[in-house]
Amino acid sequence: MKKIRLIACSFLILLNLGCAVKSSGIQTMVQNRLNENKKSEVADANIEIKINKNIELANACKQDKSSFIPALLYWGWNSEVICEFSKATIENEIKSAVKDKIESLGLNKNLENKKLIITIDELPTKFKYQEKGSVAIILFAYVMTGKRYFASERTDFKGHYTIIDGENKVILENDFVQNTKILPQADSYKSTKKLSWQFIEAYNTELGRFVSTLLDEIKTNIEKV
């Protein structure tokens, strides 16, 4: 019995030392990575990006759930954090992707003396981090389970685009809807920090995919005008 208690105490200490990451920790990890990868502000008089969704003005994370269950032979913990990228972060990433794609498509020639306005009403901006696990002691052995992942909200890209000429006359206007394809990022062998980096990369890749698909459509339609 003393050995069991000793093992139990040891696990309790380990769990307290390695408790689930809280919202402030996640926010610091995300913000530091965004700062490291921040791109120069992109300005183009012929392109305007409007995001109508109500988004936090600063990158922010809030604790949604936090629990820890200590018992003699069982411990369980669950931490859930909801975060949201700021409008400035998303706008800058989209503008950068638009600029790169327009150049690669040669769309800048189609937009000469014209202005492209992309209005986005809905897009994924929030994501959840969850760290959940348990330890059960069975005689002198133990069973440990756990999971850790980042997952984006399941919100599609919705909005419309408009192209106007030098006299502000609309020459092309269409709505768009694109399904979100970003997958949850989970890896039990990676630290929470590296997993947050992996999610940010996946999120930016998804924004790039959205922009690429949209501009392919715009190029096809403007060439028909």
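For this structure, a couple of remarks:
- Using the Cβ of K53 as centre and a radius below 14 Å, the other residues enclosed give a net charge of -3, where K and R count +1 and D and E count -1.
- Point-to-point label distance, K22-E80, nm (Cα→Cβ direction, 7 Å offset): 1.9 nm
- Under-5 Å amide H pairs with I47, H placed in peptide plane, nonlocal only: L116
- For a straight C-alpha distance cut-off of 16 angstrom, the lysines reachable from K219 (same-chain residues fewer than eight places away being disregarded) are K99, K101, K109, K114, K115.
- Using θ = phi - 60° and Karplus 6.51 cos²θ - 1.76 cosθ + 1.60, couplings along the range 150-166 (whole Hz; Gly, Pro as x): 10, 9, 7, 5, 8, 10, 6, 7, 9, x, 8, 10, 9, 10, 10, 8, x
- By the count of other C-beta atoms within 10 Å, a proxy for reagent exposure, L116, L111, L183, L57 are ordered fewest to most as L57, L183, L111, L116.
- Between K219 and A151, the simple label model (points 7 Å from Cα in the Cβ direction) yields a spacing of 3.6 nm.
- By the rule of a C-alpha distance below 17 Å, with chain neighbours fewer than 8 residues away ignored, the aspartates and glutamates paired with K53 are E84, E91, E93, D121, E122, E153, D156, D175.
A short reminder: the numbers here are calculations on the coordinates, not readings from a lab. From a predicted model like this one, the values you see are computed outputs, not experimental measurements. For neighbour counting, all protein chains shown are included, and Cβ atoms are generated from backbone atoms with ideal geometry for every residue, glycine included.
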